[in-house]
Amino acid sequence: MNKPFSFKQFTIEQDRCAMKIGTDGVLLGAWTAIQDNTYNILDIGSGTGIIALMLAQRSIADTIEAIELDGDAFEQCTENFENSPWGDRLFCFHAGFDEFVDEYTEEEPDESELYNLIVSNPPFYSEEVTSGNSARDSARQNTSLPFDELLEGVSKLLTKKGSFSTIIPFKEEVNFTEIAKEFNLFPKRITRVKGNPETEIKRSLLELTFTQTETVIDALIIEKERHVYTNAYKELTKDFYLKM
């Protein structure tokens, strides 16, 4: 898994990142809604930079910024940005999210300085998990970025008409949306993801905004059977995967 991962328009080096390229990141990068006026994007906990790079490919946003706490991942993310076709629009900060939010909001930012799209594939293992790899464990455990801290920060950095997209375990969906309400963030879209028709729902893709509307809920199945992908998944990811 340390080999470079090649997509249609860019390549990801991942040998120094605890969290490698996975389905969750690709799903979020492809599923996230982008508006014509999306000009300022933030990716929280960027890792390899995969989601930010996918959004760079999909959008005309002038600025796509990322935050990464882990030193090795930050360096690799920066290199992946620089080696992509969109290096002039991508920038990664080496910081923790709380530190970034505090600095960004020290003086109340103007609406034009806020982000109108924020994305995050957050660390979401709420139980204590030990794999023997401390960097990977830190990247995966909820304790390194609790949901309430994530959502509070997002609420401070998002424009009034902006949107926040994320992917979390389905079992956390109700808890996550309840916490989001405390910060006046409400689900606009939810897509529940299953690996195949026989398995339980594994993930929830969420789009949250400050406007409370009726939530559009649908489902996505990734595979019909092992390595046989559904038309819906192929359609979603066809602009990225080499073999889709």
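The values are calculated or read from the model by the stated rules, or taken from the named source; none is laboratory data. All figures in this text were calculated on a predicted structure; none of them were measured in a lab. Here Cβ is always computed from backbone atoms with ideal geometry, including for glycine, and neighbour counts include all displayed protein chains. Just so you know, the surface numbers come from the protein's heavy atoms only, side chains and all, with ligands and any DNA or RNA stripped out. Shrake-Rupley method; radii C 1.70, N 1.55, O 1.52, S 1.80 Å.
For the range 160-186, filtering for residues that are open to solvent by 10 Å² or more (accessible area, probe 1.4 Å), without any contact (Cβ under 8 Å) to a residue 60 or more places away in the chain, closer than 25 Å to Thr105 by Cβ and not basic (Lys, Arg) leaves 7. For beta carbons closer than 9 Å, sequence separation of 6+ or different chains, a first residue in the range 116-127 that is open to solvent by 50 Å² or more (accessible area, probe 1.4 Å) and a second that is at pLDDT below 55 and among the β-branched types (Val, Ile, Thr), the qualifying pairs are Tyr125/Thr143; Ser126/Thr143.
Pairs linking a residue in the range 231-244 that is over 15 Å from Ile50 (Cβ atoms) to a residue that is of a type in the set (Val, Ile, Thr) and assigned to a loop (DSSP other than H, G, I, E, B), with Cβ atoms under 8 Å and 6 or more positions apart or on different chains, are Tyr233/Ile222.
So for the range 176-183 (the condition being within 25 Å of Ala52 (Cα to Cα) and either modelled with pLDDT under 95 or out of contact with any helix residue (DSSP H, G or I) (no Cβ under 9 Å at 6 or more places or on another chain) (or both)), does at least one residue qualify? Among the residues of the range 176-183, at least one is within 25 Å of Ala52 (Cα to Cα) and either modelled with pLDDT under 95 or out of contact with any helix residue (DSSP H, G or I) (no Cβ under 9 Å at 6 or more places or on another chain) (or both), which makes the answer yes.
Could you grab me the full set of residues in the range 189-244 that are of a type in the set (Gly, Ala, Ser) and over 18 Å from Glu173 (Cα atoms)? Ala232, the sole residue that qualifies. Restricting the range 194-229 to residues that are hydroxyl-bearing (Ser, Thr, Tyr) and farther than 28 Å from Ile118 by Cα, the residue that is least open to solvent (accessible area, probe 1.4 Å) is Thr199.
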